[in-house]
Amino acid sequence: MNAKPFHLNRTLLILIILLVVIAIWKPVALIYGLQRGGLYALIALPLALILGIIGILNLGHGDFLTLAMYIGYLLFENLKIDPLLSMIPLFFIFLALGMGIYMLTIKYVLKSGELNQLILTFGISMVIIQMAELIWTTRPRNLYVPYASSSVSFLDFSVGTYEFLYPALAIGVLVALRLFLKKTKLGQAATAVGQNPRGAEIVGIDTNRVYFTVFSISIGILGIAAGVMLPRTSVFPLTGSPYTLKSFALVAMAGLGNLNGILVGGIALGIAEAVIQSIPGYGGWSDLVFFGVLLTVILTRAYRRSES
Amino acid sequence: MKNRIGLTIAVAGLLSIMISLPYYSGAYFLSVTMTILLNMTLAVSWDMMLRTGQLSFGIAGFFGIGSYVSIVAVSNFGINNVVSIFLAAASVAVIALALAFAILKLRGIYFAITTLALTMVFSVIVRNMPTLTGGSGGKVLYNTIFNGDTTKIYWLILTMTLFTIFLSIAFEKTRVHYAISSIRNDEIVAKSSGINVFKYLTILFVITAMIQGVAGAIYTQQYGFAYPETAFSLDFLMLPMAMALVGGIYSTWGSVIGSVVLGLVAEYLRLVMPHGSRIIYGIIVILIIMFLPKGIYGTIENRLRATRSGARE
């Protein structure tokens with residue numbers, strides 16, 4: 001896709017330098033940010049895939065994550081499946097769910113304009129939230145596994161070790177996705193469709209099959225994310241919702257098709273959030289980091305476009 | 001000519017029924033009607049913006065701002081309840097105008113996402129200013145508008161709804177309509193035929209935001225409370241959207257019909273299944289987008305047009 005193996009734009013670079021300075025000032029925020037940022041990236045990757053290749057912004061993204069966490073919770077409660085192990089069945093369950101959702105809904109709106117697509121996925125999001133509320137009520141569920149609460153001390157602070165799984169898994173998924181897009185025939189076809197759907201169709205690529213595969217794999221990855229999140233996150237109907245816009249913020253920041261940028265951007269924003277949260281009395285404002293970045297990125301892009 | 005007289009009589013009849021409703025309907029039916037009228041206002045205002053081709057998810061955001069400005073004005077500064085509604089309208093207008101310069105350059109998903117993100121930003125701001133807004137604990141109003149006189153509140157809501165419908169029809173019947181629909185169909189063509197796209201978008205954006213802010217203010221004055229979760233609730237986005245879609249987008253009467261139909265269905269569902277009824281709205285939205293993108297009114301209109309042209313041949 002890109003000639004350079006690791007593409008960084010200037011804004012991102014400045015941000016990283018700024019964050020390194022802050023990190024020396026608040027080292028613990030760096031660690032927390034790295035952990036949380038890895039999670040953001042892990043969740044944003046499938047959104048980027050759907051947006052980049054199918055061209056649909058899935059507003060139900062975070063809610064599929066919520067649903068996966070509820071199912072992981074049920075697997076743990078009823079069948080005593082460890083959440084980390086449940087990543088595997090969750091991946092396949094959500095792969096199948098993705099297939100079903102694609103066949104039932106997405107397929108019908110591929111050609112009907114982006115407004116209709118947005119309203120459709122927004123409707124899906126609402127249905128999942130309300131369904132979760134109806135079945136499981138708004139009561140938060142937590143599950144306990146002993147290994148998730150282990151920690152190491154770092155300088156004067158203790159830092160959870162379990163959360164290092166987030167960035168590790170994000171890197172793993174990123175590598176796997178890149179291999180899929182570069183090495184497999186279907187992945188190459190997907191890349192081509194993402195760049196030019198009509199051209200891809202002309203050279204004989206079955207776009208429908210590509211969309212079908214990409215959508216189901218993306219929803220499947222959310223199953224993996226849900227599995228790794230479960231031991232440290234309480235599950236309630238709105239658990240996943242904030243991740244939809246946060247993921248979109250990352251994709252907008254990195255630029256479409258730049259999967260590496262999502263990892264870097266995710267960690268950068270994770271650190272920024274952690275820094276703000278560490279300021280006493282102002283922790284609540286940390287939610288604005290992503291929205292601020294999202295609005296800034298969208299607006300600067302829009303102005304650059306309208307000036308040219 | 002005959003047709004017009006008939007229409008006038010029908011409208012006058014409907015109006016007098018609506019105005020005199022509190023005198024013969026029970027309290028329950030009146031409250032259902034008020035809910036429907038509130039959602040109708042939001043649905044029409046959402047559709048007015050959509051007619052320019054811009055999908056706004058900002059209803060809940062402006063609704064929330066309106067509702068907080070009004071409650072803060074009354075309970076913190078002792079301003080009169082009715083005045084607080086105008087104050088809410090003015091504040092939302094100023095905020096929307098300021099935002100307009102920044103975000104009306106955006107199109108498609110970027111505009112939609114920005115309006116959705118702004119809703120979240122507003123709610124974060126409200127949550128983090130506890131001295132003014134009560135923070136996440138919310139705010140309760142002890143002296144509600146007209147001392148809680150339902151009849152007067154009903155007339156207030158009815159006025160708001162009729163004003164919105166009137167405005168929407170006015171936009172449909174005047175030159176504004178051509179400007180708006182040409183922007184939606186092809187912005188470059190609109191621009192090159194001398195239409196000031198930005199001006200019309202700004203007018204529409206500010207007016208619809210004001211309507212949504214006023215709706216929020218009246219809602220808060222009616223029920224006497226505001227919490228971040230309820231004031232910025234996406235329900236105030238989902239239900240009006242569903243109503244406009246069911247009735248048929250890009251037309252005033254579509255939204256009006258949709259809100260009456262879905263409003264009654266929603267009330268029935270709420271009685272039958274108190275918790276899960278909102279799932280149905282989501283499913284309705286999905287189904288309408290997939291199978292009936294023109295809605296009820298649009299589909300009927302198309303049928304009529306088809307039979308009329310068929311008869312002519």
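Read the figures in this text as sums done on the coordinates, not as results from a lab. Just so it is clear, the model here is predicted, and its values are computed rather than measured. As a convention, Cβ positions derive from the backbone with ideal geometry for all residues, glycine included, and neighbour counts pool all protein chains shown.
So here's what we get for this one:
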{"item": "Approximate spin-label separation residue A:14-residue B:150, in nm, with each point projected 7 Å along Cα-to-Cβ", "result": "5.9"}
{"item": "Residue-averaged 222 nm ellipticity for chain B, from DSSP H runs of 4+ at -39500 (n - 2.57), nearest 500", "result": "-27000 deg cm²/dmol"}
{"item": "Only Lys, Arg (+1) and Asp, Glu (-1) charged, at Cβ; chain B dipole about Cα centre in debye", "result": "720"}
{"item": "Residue with peak Gaussian network fluctuation, chain A [Cα springs, cutoff 10 Å], from A:237, A:280, A:167", "result": "A:280"}
{"item": "Distance (nanometres) between label positions extended 7 Å along Cα→Cβ at residue B:196 and residue B:275", "result": "5.5"}
{"item": "Listed peptides A:259-266, B:294-301, B:277-284 by packing density, highest first (mean Cβ within 10 Å)", "result": "A:259-266, B:277-284, B:294-301"}
{"item": "Where N is the number of residues in chain B, Cα Rg divided by 2.2 N^0.38 Å", "result": "1.02"}
{"item": "Around residue B:139: net Lys/Arg minus Asp/Glu count, Cβ-Cβ under 15 Å", "result": "0"}
{"item": "Cα gyration tensor shape for the range A:87-209, rounded if a/c is under 1.5, else prolate or oblate", "result": "oblate"}
{"item": "Projected label distance in nm at residue B:16 and residue B:268, using a 7 Å step from Cα toward the beta-carbon", "result": "3.1"}
{"item": "Shielding by partners, peptide B:114-122 (average Cβ within 10 angstrom, other chains)", "result": "5"}
{"item": "For A:110-123, mean number of other protein chain Cβ atoms within 10 Å", "result": "6"}
{"item": "25 Å Cα-Cα reach of residue B:294 towards lysines, excluding residues that sit fewer than 8 places from it in its own chain", "result": "A:107, A:111, B:173"}
{"item": "Neighbour net charge for residue A:107 - beta-carbon separation under 14 angstrom, K R +1, D E -1", "result": "+1"}
{"item": "FRET efficiency, 1/(1 + (r/R0)^6) with R0 35 Å, evaluated for residue A:24 and residue A:171 via beta carbons", "result": "0.90"}
{"item": "Number of partner chain Cβ atoms within 10 Å, mean per residue of A:285-294", "result": "4"}
{"item": "Sorted largest first, extent of the protein assembly as shown alpha carbons per principal axis (Å)", "result": "79, 64, 53"}
{"item": "Hits among aspartates and glutamates - C-alpha to C-alpha of residue B:105 under 13 Å, sequence gap 8 or more where chains match", "result": "A:307, B:187"}
{"item": "Under the span-like rule (Cα at least 27 Å along the axis, Kyte-Doolittle mean at least 0.0), DSSP H helices of chain B", "result": "B:2-24, B:27-50, B:81-103, B:108-127, B:150-173, B:197-223, B:252-272"}
{"item": "Segments A:207-220, A:172-185, B:8-21, B:237-250 sorted - mean Cβ within 10 Å per residue, highest first", "result": "B:237-250, A:207-220, A:172-185, B:8-21"}
